[in-house]
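Throughout, read-outs are computed from the coordinates displayed, never taken from laboratory work. Just so you know, these numbers come straight off a predicted model, no measurement behind them. Here the Cβ is made from the backbone with ideal geometry for all residues, glycine too, and neighbour counts use every protein chain on show.
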Amino acid sequence: MTITKWDFAASLGDTRLCAMADPPPFQAIVDLIHKDMKVLCCHPEPCDIAHDFERIIYCVKVDKELFDLFFNSRARYRAAYYQSPFEGLQANAEAIGTLAPTLISSNATKHQRPRAFIEESRLLSSVRRRVGEAKR
């Protein structure tokens with residue numbers, strides 16, 4: 001499957017269709033999110049399967065059009081998963097790698113889990129990604 005099959009409904013309107021079909025590169029979109037985002041909150045989310053485990057969730061606010069580009073354009077995120085699970089995980093790692101330092105250092109992180117816990121969680125995700133790359 002190629003990304004040329006990532007089609008959009010005409011009902012989106014000309015402006016949105018053009019933005020979705022010819023977006024800036026994925027890293028440029030992530031960089032804009034990094035610059036534009038406002039960190040709203042940070043909280044732990046318990047694991048559904050193993051109750052002794054949890055992950056950290058951040059909620060951020062970004063411009064509506066930027067949100068749309070990130071998730072719905074041909075640039076990468078959902079389109080990357082459409083191409084292959086590997087491409088999707090790689091896009092996710094790119095985004096997290098760019099955004100995590102700002103998220104972790106935000107005021108929203110205070111009074112949650114220790115910073116070391118949050119950073120270690122991020123590192124474990126990175127290791128899993130590298131293991132996936134090695135298997136490819």
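Here are a few things to note about the model shown:
- Around residue 18: net Lys/Arg minus Asp/Glu count, Cβ-Cβ under 15 Å: -3
- Cα-Cα pairs of the range 1-106 separated by more than 24 Å (percent): 33
- Residue ranges 12-25, 41-54 sort as 12-25, 41-54 when ordered by packing (mean number of other C-beta atoms within 10 Å per residue, highest first).
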